[in-house]
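Structure, as structure tokens:
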């Protein structure tokens, strides 16, 4: 696209869309110098025209077709959200030979491979779909192209990282921190999409596609959120030298790729464990480059818009990188490891009655499953006549620990569903 | 370059060159899938053919012309080093319409703008010239294109970071750690290029060109190495909550850009201060994206080769990004801030005779220059009848602190050249 001006059609003009418009205006000269042409919003479409804010210098319509069918528009930038709706917009844009840029991780989690196929040689940008302003898509796809990716560890949900950081620093329980995060706008009124790990899963799938070319679905990813974390777990982390983080993890073992999202204990000297507050970071280990890590704001209008515009500049520069990083498919396709076969070390928190022989019963079950204990800490519970057992294990499979946990849960002395958190040493 | 095979001519086959050859072979299928074509080393040139290692499956010559003039070679990869010699090779490669990839930071520190001009539309890659395997050039040039860069803080010399980390962790003095670093191969026999900050300067100039389009020379950069750091400075850092790092700093204030390389105290919660050992990291603050940080191995054959190959893949994918990130020049060129006008907070270590009125004399000098004191710590020196004064100041200009230091140095009670370290709060 060697033109003097590139025309954008915006679909959606919420927080991110408004930031895109603002930055394209404020940094107009800089962006034109970097892109080699002027970048101008020709028209925007929003659902409810009555809600349109003022102060934009381009026409706004509530008929998305007006944008999609405008022959002068070169790139459709989709920032409206929704899965099927957004996929439909993408298809229409590509059918009209327009480039397509999106920040929509949910749509990509389900439709990224269809999209790549439909696109053909038309450029598709989605830098903003993972970790906001951090250019992790470009880093993985372009910067680390010489490497087999051995692992990805990502703090890719700012809400969860904020909550876990507050729990660590202030010693307060999950529910209390959640309320505060909701007040500050760091968590939604219905926080489940974030705190149950689903948002993380969407982003992890996008990263895994670029790293491994693997086409997995959200439902296939081992997923555990942070809602069961308590101060006891934080205490354990401090006691044994760990940081506790919600991670999205992708790992390659031979021809298998494992994908998982769960709270994770990390050694205190692991760089990614040092990332606190709402910040995001992704640690990528390549077979040649070793570990690289990318850190920054994972959300927010301006940071996300920064990523959206980087895609627009890339398109303006006539780049035709393949959307998911592979120009041809690799010889042998990797396949997803069934998650019951994934191995990890585990931490267990078990509420038991305080009576003789309890530890022996639990240790016996673990022994029967071939799981060996690494550390053990028993302390009186706040509940009368109850104890809390904090155990950590050596490495075993997900399947074994699940069997053991079920047996432990069924013990008469066990007073609540045991909580399990994975321990990783990147 | 849409071909089924892309032929590389290697100039230099030392540590990095050998790694490039090894990785292109080992990861052949992966790299071909990412690049869209096979990438093959057609020929390599080295200076001393007698030193050629065995086991390469391509011809090796000691006549660089054979490589430069081979019509089948598409890309010249220069990994031989030297400034004018390498620049000459680049010129010849471009004259023959070959793309050019280099890891040579010294050559770029002097000739990057000439090179960009000579190149025209031919691709030039230099990802490996700064921070080894970290894809910081692509991040700055492509990922953050929508942003005015407000500042860059870089730990871009692994040798210095290793030495400072050891000094902090083990309480030993500079000379002792240097010797150990030399034994381990982390420092050269003549370490001055690293420890005096010159290596950092070269890399900083490359980053500053991409961020600001500024054409400064190494001699114009405020430069201070780490050779004067002692355990007293480390103690100060611990006492007042700082990390001590050698940083390359680029900052924009209005129409001025400041460039500097010096040991720097950083608040303990600054992410970049947490980067220890031989690792590198670059923190970049953009006006929209906020802070992003890039972390990884800054040296080593395989990590550097990973960056070299990422450039080759980019070229194979027919990308024509402008070498230094701007397709057109921006309206108004930024200019370099004279370094005497740069402002900072300062830490001073002054060895004085232990007698009445000494602190008053020094405080008076600082007062006369309009410099206000923030913290002050006086303790007996190891030398009999001597004291060490550790002072930190509020912000003032380089010019003022230099005047004050000269006056303090000339005091009769001052027993050695005072040491000054800058304090930054990113």
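The values are calculated or read from the model by the stated rules, or taken from the named source; none is laboratory data. In this text the structure is predicted, and so the values were computed from the model without any measurement. Backbone-built Cβ (ideal geometry, glycine too); neighbour counts: all protein chains shown.
For the structure I just gave you, tell me whether residue B:232 is at pLDDT below 95, more than 28 Å from residue B:334 (Cα to Cα) and either in contact with a helix residue (DSSP H, G or I) (Cβ under 7 Å, 6 or more places away or on another chain) or assigned by TED's automatic domain parsing to the domain that holds residue B:151 (or both).
In short, yes.
One line per residue, one yes/no per condition, for (1) under 30 Å from residue B:38 (Cα atoms); (2) not assigned by TED's automatic domain parsing to the domain that holds residue A:284:
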residue: A:101; (1), (2): yes, yes
residue: A:104; (1), (2): no, yes
residue: A:112; (1), (2): yes, yes
residue: A:125; (1), (2): yes, yes
residue: A:143; (1), (2): yes, no
residue: A:146; (1), (2): yes, no
residue: A:164; (1), (2): no, no
residue: A:167; (1), (2): no, no
residue: A:182; (1), (2): no, no
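If I ask for residues that are without any contact (Cβ under 8 Å) to a residue 60 or more places away in the chain and within 19 Å of residue A:265 (Cβ to Cβ), which ones from segment A:367-378 would you list?
Across segment A:367-378, the qualifying residues are A:371, A:372, A:373, A:374, A:376, A:378.
Tell me, which residue of segment B:9-43 that is in contact with a helix residue (DSSP H, G or I) (Cβ under 7 Å, 6 or more places away or on another chain) and assigned to a strand (DSSP E or B) is farthest from residue B:82 (Cα to Cα)?
B:38
Can you work out which of the residues in segment B:121-143 that are more than 17 Å from residue B:203 (Cβ to Cβ) and within 14 Å of chain A (Cβ to nearest Cβ) is modelled with the highest pLDDT?
So, considering only residues that are more than 17 Å from residue B:203 (Cβ to Cβ) and within 14 Å of chain A (Cβ to nearest Cβ), the one modelled with the highest pLDDT is B:143.
Inside segment B:229-274, can you point out the residues that are outside any helix (DSSP H, G or I), more than 16 Å from the chain's Cα centre (by Cα) and under 25 Å from residue A:272 (Cα atoms)?
Of everything in segment B:229-274, those that are outside any helix (DSSP H, G or I), more than 16 Å from the chain's Cα centre (by Cα) and under 25 Å from residue A:272 (Cα atoms) turn out to be B:241, B:242, B:243, B:244, B:265, B:266, B:267, B:268, B:269, B:270.
Looking at segment A:260-298, which of the residues that are within 24 Å of residue A:235 (Cα to Cα) and at the interface with another protein chain (Cβ under 7 Å from one of its Cβ atoms) is surrounded by the most Cβ atoms within 10 Å (Cβ to Cβ)?
Ranking the candidates gives A:271 first.
Can you name the number of the only condition in (1) modelled with pLDDT of 95 or more; (2) over 21 Å from residue A:243 (Cβ atoms); (3) surrounded by fewer than 22 Cβ atoms within 10 Å (Cβ to Cβ) that residue A:205 fails?
Exception for residue A:205: condition (3).
Does any residue of segment A:332-343 turn out to be assigned to a strand (DSSP E or B), at pLDDT below 95, farther than 25 Å from residue A:126 by Cα and more than 14 Å from chain B (Cβ to nearest Cβ)?
Yes - at least one qualifying residue is present in segment A:332-343.
Can you pull out every residue in segment B:275-290 that is over 16 Å from the mean Cα position of the chain (by Cα) and either assigned to a loop (DSSP other than H, G, I, E, B) or modelled with pLDDT under 95 (or both)?
Result: B:287, B:288, B:289.
Scan segment A:245-256 for residues that are surrounded by fewer than 23 Cβ atoms within 10 Å (Cβ to Cβ), away from chain B (no Cβ under 14 Å) and in contact with a helix residue (DSSP H, G or I) (Cβ under 9 Å, 6 or more places away or on another chain) and report the count.
1
Which residues, taken from segment A:190-202, are surrounded by 20 or more Cβ atoms within 10 Å (Cβ to Cβ) and either at pLDDT below 95 or assigned to a helix (DSSP H, G or I) (or both)?
A:194, A:195, A:199, A:200, A:201, A:202
Can you find a residue that is crowded, with 24+ Cβ neighbours inside 10 Å and farther than 20 Å from residue A:146 by Cα anywhere in segment B:74-83?
Scanning segment B:74-83 turns up no residue that is crowded, with 24+ Cβ neighbours inside 10 Å and farther than 20 Å from residue A:146 by Cα.
Give A:211, A:187 a once-over and let me know the one that is in contact (Cβ under 8 Å) with a residue 12 or more places away in the chain and in a helix (DSSP H, G or I).
Just a single option satisfies the conditions, and that option is A:211.
Please state which one of A:241, A:158, A:154 is at positive phi and out of contact with any helix residue (DSSP H, G or I) (no Cβ under 6 Å at 6 or more places or on another chain).
A:241
In segment B:46-66, what residues are assigned to a helix (DSSP H, G or I), surrounded by 12 or more Cβ atoms within 10 Å (Cβ to Cβ) and in contact with a helix residue (DSSP H, G or I) (Cβ under 9 Å, 6 or more places away or on another chain)?
B:64
Does residue B:41 count as crowded, with 18+ Cβ neighbours inside 10 Å and touching a strand residue (DSSP E or B) at 6+ places or on another chain (Cβ under 9 Å)?
yes
Evaluate the following for residue B:384: is it modelled with pLDDT of 90 or more and in a loop (DSSP other than H, G, I, E, B)?
Spelling it out, residue B:384 is indeed modelled with pLDDT of 90 or more and in a loop (DSSP other than H, G, I, E, B).
Residues checked against (1) free of Cβ contacts under 8 Å to residues at least 60 places away in the same chain; (2) closer than 28 Å to residue A:243 by Cβ; (3) assigned by TED's automatic domain parsing to the domain that holds residue A:262; (4) touching a strand residue (DSSP E or B) at 6+ places or on another chain (Cβ under 8 Å):
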residue	(1), (2), (3), (4)
A:355	yes, no, no, no
A:358	yes, no, no, yes
A:361	yes, no, no, no
A:365	yes, no, no, no
A:389	yes, yes, no, yes
A:401	yes, yes, no, yes
A:406	yes, no, no, no
A:415	no, no, no, yes
A:418	no, yes, no, yes
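Mind listing whichever residues of segment A:90-104 are surrounded by 24 or more Cβ atoms within 10 Å (Cβ to Cβ) and not in a loop (DSSP other than H, G, I, E, B)?
A:90, A:93, A:99, A:100, A:101, A:102
Among the residues of segment B:8-38 satisfying the criterion of being crowded, with 23+ Cβ neighbours inside 10 Å and more than 10 Å from every other protein chain (Cβ to nearest Cβ), which is farthest from residue B:92 (Cα to Cα)?
Across segment B:8-38, the extreme among qualifying residues is B:16.
Residue by residue, here is whether (1) at pLDDT 90 or above; (2) crowded, with 22+ Cβ neighbours inside 10 Å; (3) more than 14 Å from every other protein chain (Cβ to nearest Cβ) holds:
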| position | (1), (2), (3) |
| --- | --- |
| A:305 | yes, yes, no |
| A:312 | yes, yes, no |
| A:323 | no, yes, no |
| A:353 | yes, no, yes |
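For segment B:90-100, does any single residue satisfy the condition of being touching a residue at least 24 places away in the same chain (Cβ under 8 Å), closer than 16 Å to residue B:13 by Cβ and over 18 Å from the mean Cα position of the chain (by Cα)?
No, every residue in segment B:90-100 fails to be touching a residue at least 24 places away in the same chain (Cβ under 8 Å), closer than 16 Å to residue B:13 by Cβ and over 18 Å from the mean Cα position of the chain (by Cα).
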